[in-house]
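A.B. asks: Before anything else, here's the structure in question.
Readers should treat all values here as calculations from the given coordinates under stated rules, not as data from a laboratory. Treat the numbers as computed from the prediction; the structure is a model and nothing was measured. Please note: Cβ atoms are built from the backbone with ideal geometry, for glycine as well, and neighbour counts cover all protein chains shown.
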Amino acid sequence: MATQGFTTAIVHGDSAFGVEHGGVHKPIHTSVQYGFEKVEDLIGVFQGTVKGGFNYARQGTPTTAALEAKITKMEDGVGSICFATGMGAICGIFLTLLRAGDHLLASQYVFGNTNSIFGTLRGLGIEVTTVDVTDAANVAAAIQPNTRMVFVETIANPGTQIPDLAAIGALCKAQGLVYVVDNTITSPLLFKPKTVDASLVVNALTKTIAGHGSALGGSVTDTGIFDWQAYPHIADAYRKGDARQWGLTQIRKKGLRDMGASLSSEHAHQIAVGAETMALRVAYSSALAMELAQFLEAHPAVVKVHYPMLDSHPQHARAKAHFSAGSWLLSFELADADACLAFINRLQIPIKATGLADTRTLIIPVAPTIFWEAGAEVRAKMGIADGLIRLSVGLEDRADLLADFAQALA
Ligand SMILES: *Cc1c(COP(=O)(O)O)cnc(C)c1O
């Protein structure tokens with residue numbers, strides 16, 4: 001059969017698992033324990049010689065495994081692991097693959113909580129340097145003998161900066177560094193980090209993939225590109241079988257089994273249902289975000305709009321080259337920064353809330369909320385102006401949303 005399109009593959013994905021009674025969804029498996037006829041099979045699951053077996057839900061269930069298979073397909077990877085949250089997935093990578101004395105080189109434009117975990121890593125003796133990744137030369141210049149990993153976001157939240165994804169990928173490949181790409185804002189629909197030689201791909205499933213603001217989840221996908229045989233920190237116990245799975249095995253054993261940020265079957269099911277309409281949602285909200293970005297850019301009360309598909313975006317050419325649309329994320333600054341809160345209060349439709357990729361449009365002033373704890377210095381380095389407003393465009397009717405912004409700016 002010819003390769004299927006994104007949605008065809010997702011909505012028919014569960015049938016590949018031989019779903020019981022012909023049900024079209026993978027059932028919600030609620031068992032914590034999994035029993036076996038013969039104790040040898042139980043031992044085999046523990047020792048990894050029985051493939052695809054389950055023993056305790058902290059390491060996965062048939063329902064989370066079905067979601068993992070879908071995400072692997074979306075990202076064209078060799079395997080995925082689901083976590084309870086996007087932060088669980090990110091910590092799962094950092095804490096299982098890095099050790100004291102290692103160096104993590106990261107984008108200076110990252111999600112606030114990712115920036116916060118960098119501080120935690122420093123406390124554990126892991127060096128973290130953040131650089132302006134929009135120019136790969138900054139990454140090349142910051143590589144040290146103890147650098148193990150490079151971390152970037154495809155479209156940075158909230159500033160929408162876009163790293164030199166391909167050049168950083170080539171650099172990591174040449175130097176044997178693990179290249180971690182957080183694909184949350186673009187999602188595998190708009191961009192596949194494998195095309196720029198990413199080693200591991202992170203998705204906060206909470207956002208685009210689940211899409212309704214009603215379930216938390218995260219995932220790590222291995223693209224199959226990185227050579228784990230050359231990575232010094234893979235424990236002997238996990239240096240077995242297909243070497244492309246070694247990294248994921250260590251992340252599952254240490255990150256899920258030991259640290260326990262495990263996704264429940266109930267939420268895995270909810271995320272899987274959300275994923276079925278993802279292509280439709282992203283196409284609609286990206287088109288609406290583009291229209292809103294153009295409207296805001298043309299409005300005299302607005303000084304700056306950050307949206308990758310605008311000609312005025314500093315990395316516009318890169319966005320066009322890599323991404324099939326600009327996503328639902330945009331941010332902007334009013335000419336009168338002091339008027340920002342009153343403007344937000346005048347809006348009738350967007351919900352004043354943090355969060356991203358809901359069906360509802362969400363709006364938040366960034367500096368006094370998400371980046372408040374980070375402080376003024378970090379905000380300045382991340383390009384976050386005091387009056388920056390972040391918008392996650394939802395699925396409301398176009399005319400309603402445009403009219404609401406027009407009245408609130410008037
Ligand atoms: C939301 C988000 C995360 C964290 O996801 P949670 O599920 O909220 O823990 C990580 N990276 C990016 C880019 C995000 O937007």
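A.B. asks: If the cut-off is 13 Å between C-alpha atoms, which aspartates and glutamates fall inside it for K207, apart from same-chain ones fewer than 8 positions away?
C.D. replies: Output for K207: D182, D358.
A.B. asks: Full-extension gain between S312 and N113, please, as 0.36 nm times their residue separation minus the C-alpha to C-alpha distance.
C.D. replies: 68.8 nm
A.B. asks: Set Lys and Arg Cβ to +1 and Asp and Glu Cβ to -1, take the dipole of the stretch 45-192 about its Cα centre, and tell me which of M87, I71, L105 lies farthest positive.
C.D. replies: I71
A.B. asks: How far apart, in nanometres, would the label points at D338 and E373 be if each is projected 7 angstrom from Cα along the Cα-to-Cβ direction?
C.D. replies: Placing both labels 7 Å beyond Cα along the Cβ direction yields 3.1 nm.
A.B. asks: Got a sec to turn the phi values of the stretch 317-331 into Karplus ³J(HN,Hα) couplings, 6.51 cos²θ - 1.76 cosθ + 1.60 with θ = phi - 60°, whole Hz, x for Gly and Pro?
C.D. replies: Rounded to whole hertz, the list is 4, 5, 4, 5, 5, 9, 10, 7, 7, x, 6, 8, 8, 9, 9.
A.B. asks: Quick one: which residues, 5+ away or cross-chain, put their amide H under 5 Å from the amide H of K352? H built at 1.01 Å from N.
C.D. replies: Close amide H contacts, sequence-distant or interchain: I363.
A.B. asks: Do the alpha carbons of any pairs in K26/K173; K70/K352; K253/K352; K38/K73; K173/K254 sit beyond 30 Å of each other, and which pairs? Mind showing how you got there, number by number?
C.D. replies: Numbers: K26/K173 37 Å; K70/K352 32 Å; K253/K352 39 Å; K38/K73 33 Å; K173/K254 25 Å.
Exceeds cut-off: K26/K173; K70/K352; K253/K352; K38/K73.
A.B. asks: Of S331, S199, how do they rank once you tally other Cβ atoms within 10 Å and put the fewest first?
C.D. replies: Details: S331 24, S199 28.
Starting with the residue having the fewest Cβ neighbours, the order is S331, S199.
A.B. asks: To continue, here is another question. Let me know the shape class of the stretch 143-257, please: from the alpha-carbon gyration tensor, a ≥ b ≥ c as square roots of the eigenvalues, rounded when a/c is under 1.5, otherwise prolate if a/b is greater than b/c, or oblate. Show your work: numbers first, answer last.
C.D. replies: Working: a/c = 2.18, a/b = 1.27, b/c = 1.72.
Oblate, since a/c reaches 1.5 and b/c is not below a/b.
A.B. asks: Let me ask another. Through the Karplus equation 6.51 cos²θ - 1.76 cosθ + 1.60, θ set to phi - 60°, convert the phi angles of the stretch 177-193 into ³J(HN,Hα) values in whole Hz; use x for Gly and Pro.
C.D. replies: 9, 6, 9, 9, 10, 7, 9, 4, 6, 7, 6, x, 6, 8, 7, 10, x
A.B. asks: Students often get this wrong: which residues of the stretch 131-163 have the backbone nitrogen under 19 Å from the point 7 angstrom along Cα-to-C-beta of K320?
C.D. replies: 155, 161-163
A.B. asks: Given charges of +1 on the Cβ of Lys and Arg and -1 on the Cβ of Asp and Glu, with all other atoms neutral, how large is the dipole of the stretch 43-119 about its Cα centre, in debye to the nearest 20?
C.D. replies: Values: 5 positive and 4 negative charges, 39 e Å.
Dipole magnitude for the stretch 43-119 comes out near 180 debye.
A.B. asks: Comparing T49, T154, T354, which has the greatest mean-square fluctuation in the GNM of the chain with Cα pairs linked when under 10 Å apart?
C.D. replies: Residue with maximal mean-square fluctuation among T49, T154, T354: T49.
A.B. asks: Of the beta bridges DSSP finds with both residues in the chain, what % are antiparallel, to the nearest 5? Don't skip to the answer; put the middle values down first.
C.D. replies: Numbers: 24 of 43 bridges.
Rounded to the nearest five, the antiparallel share is 55 percent.
A.B. asks: Which listed residue (G35, H322, M278) has the Cα farthest towards the positive end of the charge dipole for the chain, taking +1 on Lys and Arg C-beta and -1 on Asp and Glu C-beta about the Cα centre?
C.D. replies: Of the candidates, G35 comes out farthest on the positive side.
A.B. asks: While we're here: Tell me, which longest segment in the chain has none of the GluC sites (Glu not before Pro) that fall in DSSP loops with at most 15 further Cβ atoms within 10 Å?
C.D. replies: Values: sites that count: E37, E373.
Value returned for the longest uninterrupted segment is 38-372.
A.B. asks: What ³J(HN,Hα) values, in whole Hz, does the Karplus curve 6.51 cos²θ - 1.76 cosθ + 1.60 give for the stretch 4-13 when θ = phi - 60°, with x put for Gly and Pro?
C.D. replies: Once θ is set to phi - 60°, the couplings for the stretch 4-13 become 7, x, 4, 6, 4, 5, 6, 6, 9, x Hz.
A.B. asks: For K304, enumerate residues with amide H under 5 Å from its amide H, sequence gap 5+ or separate chain, H modeled in the peptide plane.
C.D. replies: E333
A.B. asks: Can you find, among H233, L341, A408, the residue sitting farthest towards the positive end of the charge dipole of the chain, where Lys and Arg contribute +1 and Asp and Glu -1 at Cβ?
C.D. replies: The listed residue farthest towards the positive side: H233.
A.B. asks: What size of dipole, in debye to the nearest 20, comes out for the chain about its Cα centre when the only charges are +1 on Lys and Arg C-beta atoms and -1 on Asp and Glu C-beta atoms? Walk me through the numbers before you get to the answer.
C.D. replies: Working: 31 positive and 37 negative charges, 158 e Å.
Once rounded to the nearest 20, the dipole reads 760 debye.
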